[in-house]
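The structure appears below as structure tokens.
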């Protein structure tokens with residue numbers, strides 16, 4: 001942190017506190033003086049957006065929990081009670097339900113940015129793995145939250161997902177009854193899901209602290225993938241990064257508010273407004289959109305155990321990304337082939353998402369299988385080989401050099417323009 | 001090195017092409033399969049006063065829809081989550097409190113137990129929910145030949161139609177969320193004679209918008225059945241639209257408040273984003289990045 005003055009408490013109370021608990025210094029060095037690469041683009045604002053969304057989900061969730069009844073006979077109607085009789089209850093619920101979707105949208109953007117700019121590479125492996133853990137925790141939290149309104153999709157999603165564990169040889173069935181707390185998804189299941197749904201966000205918050213800690217040890221990556229070398233490459237976190245984050249959070253909130261206020265049920269499924277009925281299977285069980293790519297991978301594989309392994313593997317493989325990618329160049333801007341394969345990978349994930357929402361018949365199954373092969377092929381074949389075969393573009397010597405050459409190229413044809 | 005690059009780019013082109021072909025093929029196959037079986041017809045989209053950011057319920061329409069519900073639907077369908085007081089809530093059918101009270105007292109509600117330990121009947125009050133037409137689900141099934149009429153409290157949000165690509169994307173921009181009311185209106189108007197070669201199970205009717213087409217509910221509405229006093233045409237088409245609007249209000253009573261607050265929040269956020277944009281420009285003014 002050279003070049004930045006260390007924290008000097010101004011008033012008497014902060015001086016007194018700083019000698020006993022140097023929290024002012026911690027905040028100052030982490031969120032004010034912290035040097036951040038000056039060439040970060042808006043893809044780097046999703047970390048701030050995710051922190052904001054975690055806060056929104058925790059605050060709305062705590063208030064919702066005050067009005068919610070985790071019992072199979074009352075859960076559905078208690079949610080409707082929130083919608084009808086709690087002042088602004090409809091707002092809390094729609095902010096929370098759509099908040100989950102926007103939380104996932106932001107985390108996918110954040111992960112895509114990490115993959116594009118090679119943010120998982122040395123020395124950021126632990127930072128990346130903490131991110132994968134956060135994603136897994138989010139998946140679990142989101143799934144259990146979806147069960148709580150106790151609609152038809154809630155109930156049948158819980159049934160389908162918990163039943164996946166029955167694929168485990170020998171101990172599968174006992175594990176499933178243990179998860180259920182009975183012999184079917186029922187009241188004990190709903191209660192433990194509620195309990196865990198309340199617990200896990202605080203676990204997430206804890207891991208977020210580790211994630212940010214690890215980030216502040218190794219420093220942020222940047223679009224060139226070249227390490228920041230001196231203060232010419234960086235700016236102070238405040239005001240430069242804070243104002244940029246705040247601007248983009250406000251844009252994000254405009255889209256979020258569009259959904260909350262004008263199309264709050266667009267991302268949900270109409271069947272979830274039917275109270276859970278164990279005696280009646282919905283026509284077509286689909287998870288929330290943010291799980292669809294993984295659901296498509298599960299269904300693409302004809303063997304149940306293999307499908308479950310592929311489903312889990314599709315997420316766990318991300319943790320091994322730092323070692324599967326053999327290239328030493330971080331940013332895809334300097335890796336022309338990787339960039340193309342990565343775009344196809346993103347398209348394949350979107351395609352899997354679409355296929356996951358359709359019924360698994362005929363051509364849809366074939367397409368899902370091809371895309372699943374590409375998904376895993378990308379990690380296990382393409383990434384290891386590319387590092388050996390690819391000719392990368394020359395890297396700039398430093399961040400400031402890349403900025404200078406960029407602004408020179410931009411200003412030469414049309415005169416000086418900032 | 002150049003050779004490997006050429007091979008690589010060929011692999012990329014081929015894999016992209018293969019994926020594209022697979023997707024097109026699969027869509028064609030499924031569309032073809034879909035056309036053959038007994039999928040329900042797509043409902044016709046109606047004009048709803050409550051559609052879009054500036055939409056709000058039409059109280060006159062909700063009152064007509066309530067009349068259709070009260071005189072026809074409520075013979076079999078419960079409305080358990082709606083209280084009589086809700087009829088006088090702002091953003092609803094706009095009944096006065098006295099009117100809502102009068103409607104409530106027209107119903108008999110089971111209360112108790114009293115001091116003698118007996119359940120008893122009394123006229124409804126504002127705080128009571130609409131009493132269900134049957135004591136329980138089994139009583140409904142027994143009276144209606146095995147069919148169970150669903151509760152109508154959230155029915156308009158519990159039904160819909162999947163338009164598929166590209167509509168599901170466009171609808172996010174046009175704010176179209178009225179598939180539930182569209183479906184209810186369509187169902188009211190969708191009773192026809194079964195096509196040749198289609199045999200229905202005993203007691204079932206043919207409805208072209210119902211999944212599987214065999215619906216347990218007999219045709220509930222016919223022209224002129226419910227008397228309208230405001231000159232609105234007394235047709236099945238109009239009844240269907242009015243009752244669908246009423247059920248949408250029942251399912252989403254806070255819609256008017258939501259749209260109003262949403263507009264204010266949008267203005268706030270757009271101004272905030274604008275101010276932050278210029279603040280950001282100012283802060284970064286002399287920083288090359």
Original post:
If you find the alpha carbon centre of segment B:162-209 and of segment A:164-238, how far apart are they in angstrom?
Top reply: 41 Å
Subject >> Listed peptides A:136-147, A:207-218 by packing density, highest first (mean Cβ within 10 Å) >> reply: A:136-147, A:207-218
**OP:** Please label the shape of chain A as rounded, prolate or oblate, based on the square roots a ≥ b ≥ c of the eigenvalues of the alpha-carbon gyration tensor (a/c under 1.5 means rounded; beyond that, a/b larger than b/c means prolate, else oblate).
**Re:** oblate
Subject >> the protein assembly as shown pair-distance distribution - Cα-Cα, 20 Å bins, rounded % >> reply: 14, 43, 31, 11, 1
Original post:
So how do A:306-314, A:334-342 stack up, highest first, on mean other-Cβ count within 10 Å?
Top reply: A:334-342, A:306-314
**OP:** Could you please state, rounded to a whole Å, how far the C-alpha centre of segment B:211-289 is from the C-alpha centre of segment B:91-113?
**Re:** 26 Å
Original post:
Per the helix-only calculation at 222 nm, which mean residue ellipticity applies to the protein assembly as shown, given -39500 (n - 2.57) for every DSSP H run of n ≥ 4 and division by its residues, nearest 500 deg cm²/dmol?
Top reply: -18000 deg cm²/dmol
Original post:
On average, how many beta carbons from a partner chain sit within 10 Å of the beta carbon of a residue in A:240-251?
Top reply: 5
Original post:
Separation between the residue A:205 and residue B:127 pseudo-spin-labels, each 7 Å from Cα along Cα→Cβ, expressed in nm?
Top reply: 3.7 nm
**OP:** Under 1.5 on a/c is rounded, so check that first for segment A:246-289, then, if it is not, pick prolate when a/b is larger than b/c and oblate when it is not; a ≥ b ≥ c are the square roots of the alpha carbon gyration tensor eigenvalues.
**Re:** prolate
Subject >> Cα-based convex hull volume of segment A:15-92 per residue, rounded to whole Å³ >> reply: 168 Å³
Subject >> Where only alpha carbons of segment B:216-289 are counted, the Rg and the Dmax (Å) >> reply: 25.2, 75
**OP:** Mind checking B:249-260 for the average number of partner chain beta-carbons within 10 Å of each residue's beta-carbon?
**Re:** 3
**OP:** Calculate the length of the line joining the C-alpha centroid of segment A:340-416 to that of segment A:294-331, in whole Å.
**Re:** 16 Å
Subject >> Spatial extent of segment A:270-316: Rg and Dmax, with the Cα atoms as the point set, Å >> reply: 13.1, 35
**OP:** Quickly rank A:393-404, A:171-182, B:65-76 as a protection proxy: mean count of other C-beta atoms within 10 Å, highest first.
**Re:** B:65-76, A:393-404, A:171-182
Subject >> Average other protein chain Cβ within 10 Å of Cβ, residues A:336-348 >> reply: 3
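Readers should treat all values here as calculations from the given coordinates under stated rules, not as data from a laboratory. Just so it is clear, the structure is predicted and the values come from calculations on it, not from any experiment. For neighbour counting, all protein chains shown are included, and Cβ atoms are generated from backbone atoms with ideal geometry for every residue, glycine included.
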